[in-house]
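Undergrad: Here it is, the structure in full.
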Amino acid sequence: MDTKVYHHDEIKEAAKIIKQGGLISFPTETVYGLGADATNTEAVKKVYLAKGRPSDNPLIVHVNSKEMVEEYVDSIPDKALQLMKTFWPGPLTLIFNLAQDNNLSTSVTANLNTAAFRMPNSLVTLELIRQSGTPLVGPSANTSGKPSPTTAIHVLNDLSGKIEGILDDGECEVGIESTVLDMSNPNMPTILRPGAITKEEIEQVIGEIAIDTHLIDEHNAPKSPGMKYKHYSPDTPVVMIDSELDNWEEAVEYYQQLNKTVAILSNKEIVSRLGDYSVFAHYILSDKKEVKSAMHHLFGGLRALDTELVGYNGVILAEGYPEVSQNMGYMNRLKKAANQTFFRK
Ligand code: TXA
Ligand code: MG
């Protein structure tokens, strides 16, 4: 199959493919999604197949309005209405109890009686949903286990020949996937996956919320099925540099002595600081330590360095951030990419 790249003036053609049960990757402010009609089981099954995704991992349903959510749930709790008003369209996914007789494909929900909904902040994708006349499932448009795609090129690298098309609208602004908040028990809203919208920002709107214990103690089992899988991993091993230890020089020397080809994923000041160490490659996350920029560049950086290191016995040293609330999304993704490994000596 030829994967066609569509632009903003070709949404009609992309919508036609969705209506026919095909797969179109769509842009969002977080990462590119892999879109299919969420009410069409055959189409949804193709999404799992194209990604190589385990079928017990439910998908997010992308909508273009609150009304579209109301078609599938019994009622939207007040607190959730407030959150939608504040953060939608935007990088916040909300999990609700489904109505008894809803027509979402059971493959979307992996047979749970809840489903995750999100209204992405992308005009072309909101228009794609409108013209398709149906909500779209949208896992990140990467091969399962790889870093999520933040450009159409990343999507092509993983899924070319496996999907009908990509709606290209440039680079994703945020760079990591949405914050997932479980609202199925409105008395105890719980963050299942950290993202750009922080716990504090949500609490400013609806008061105290919880956070899934596995995000604090990695040995606990996550509540969100998807969080248990290996994720975001390039082929090259990734090792994090603890922001407090700041032991970049030691780490570079250590791996160079082991005859490893060292690549650096960090802010620009670190790259300058390591100027004398003939490091093989670097990718700049930000000018100085700044988490928004680091989040934006993280997945693209992992992909780029991984490509440069093909054929080498390489290691990627990546910049850690202090584990405070606003850095949780970034550190959650990086720790998975690094298999939880910090450089310690
Ligand atoms: O930013 C995003 O959320 C992106 C863009 C494309 O919108 N999408 C995305 O989808 O990250 P995906 O499928 O890669 O991640 C969905 C996460 C998974 O961890 C999944 O297990 C969880 O949400 N999830 C989905 N439905 C759920 C449910 N009913 N209960 C608990 N967790 C759920
Ligand atoms: Mg994903």
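Undergrad: Could you figure out which of (1) open to solvent by 10 Å² or more (accessible area, probe 1.4 Å); (2) over 26 Å from E173 (Cβ atoms); (3) of a type in the set (F, W, Y) isn't true of Y283?
TA: Answer for Y283: the failing condition is (2).
Undergrad: Search the stretch 133-174 for residues being in contact with a strand residue (DSSP E or B) (Cβ under 7 Å, 6 or more places away or on another chain) and among the polar types (S, T, N, Q), and hand back the single one that is farthest from G21 (Cα to Cα).
TA: S148
Undergrad: Taking the criterion of being assigned by TED's automatic domain parsing to the domain that holds S184 and within 16 Å of ligand 2 (Cβ to nearest atom), would at least one residue in the stretch 219-232 satisfy it?
TA: No, the stretch 219-232 has no match at all.
Undergrad: Still on this structure, please answer the following. Quick check on S293: is it open to solvent by 10 Å² or more (accessible area, probe 1.4 Å) and among the hydroxyl-bearing types (S, T, Y)?
TA: Here the answer is yes, as S293 does meet what is asked.
Undergrad: Of all residues being within 14 Å of ligand 2 (Cβ to nearest atom) and in contact with a Cys (Cβ under 8 Å, 6 or more places away or on another chain) in the stretch 23-62, which is farthest from G300 (Cα to Cα)? Just the residue, please.
TA: Filtering first and then ranking leaves T28.
Undergrad: Here is a list of conditions, (1) at pLDDT 95 or above; (2) of a type in the set (A, V, I, L, M); (3) in a helix (DSSP H, G or I); (4) open to solvent by 10 Å² or more (accessible area, probe 1.4 Å), and M227 meets all of them except one; can you say which number that is?
TA: M227 satisfies all of (1) at pLDDT 95 or above; (2) of a type in the set (A, V, I, L, M); (3) in a helix (DSSP H, G or I); (4) open to solvent by 10 Å² or more (accessible area, probe 1.4 Å) except (1).
Undergrad: Only one of these conditions is not met by P194: (1) farther than 22 Å from A110 by Cβ; (2) more than 10 Å from ligand 1 (Cβ to nearest atom); (3) at pLDDT 95 or above. Which number is it?
TA: For P194, the exception is condition (1).
Undergrad: Still on this structure: Tell me which of these N113 doesn't satisfy, since it passes every other one: (1) modelled with pLDDT under 95; (2) open to solvent by less than 30 Å² (accessible area, probe 1.4 Å); (3) in contact with a Leu (Cβ under 6 Å, 6 or more places away or on another chain).
TA: (2)
Undergrad: Anything in the stretch 142-169 that is touching a helix residue (DSSP H, G or I) at 6+ places or on another chain (Cβ under 8 Å), of a type outside the set (S, T, Y) and open to solvent by 10 Å² or more (accessible area, probe 1.4 Å)? List them, or say none.
TA: If the condition is that a residue be touching a helix residue (DSSP H, G or I) at 6+ places or on another chain (Cβ under 8 Å), of a type outside the set (S, T, Y) and open to solvent by 10 Å² or more (accessible area, probe 1.4 Å), then K146, H154, N157, K162, E164, D168, D169 are the ones that fit.
Undergrad: Output the qualifying pairs, or none if there are none: Cβ atoms under 9 angstrom, residues six or more apart or on different chains, first residue in the stretch 39-65 and near ligand 1 (Cβ under 10 Å from one of its atoms) and at pLDDT 95 or above, second residue among the basic types (K, R) and assigned to a strand (DSSP E or B).
TA: Hits for this filter: I60/R118; V61/R118; H62/R118.
Undergrad: Within the stretch 78-98, does at least one residue satisfy the condition of being open to solvent by 20 Å² or more (accessible area, probe 1.4 Å), at pLDDT below 95 and either within 15 Å of ligand 1 (Cβ to nearest atom) or more than 25 Å from P147 (Cβ to Cβ) (or both)?
TA: No, because not a single residue in the stretch 78-98 is open to solvent by 20 Å² or more (accessible area, probe 1.4 Å), at pLDDT below 95 and either within 15 Å of ligand 1 (Cβ to nearest atom) or more than 25 Å from P147 (Cβ to Cβ) (or both).
The values are calculated or read from the model by the stated rules, or taken from the named source; none is laboratory data. The structure presented is a predicted model; accordingly, all values stated were derived computationally and were not measured. A quick note on method: Cβ atoms are made from the backbone with ideal geometry, for glycine too, and the neighbour counts reach across all protein chains shown. Note: areas computed on protein heavy atoms with side chains; ligands, DNA, RNA excluded. Shrake-Rupley method; radii C 1.70, N 1.55, O 1.52, S 1.80 Å.
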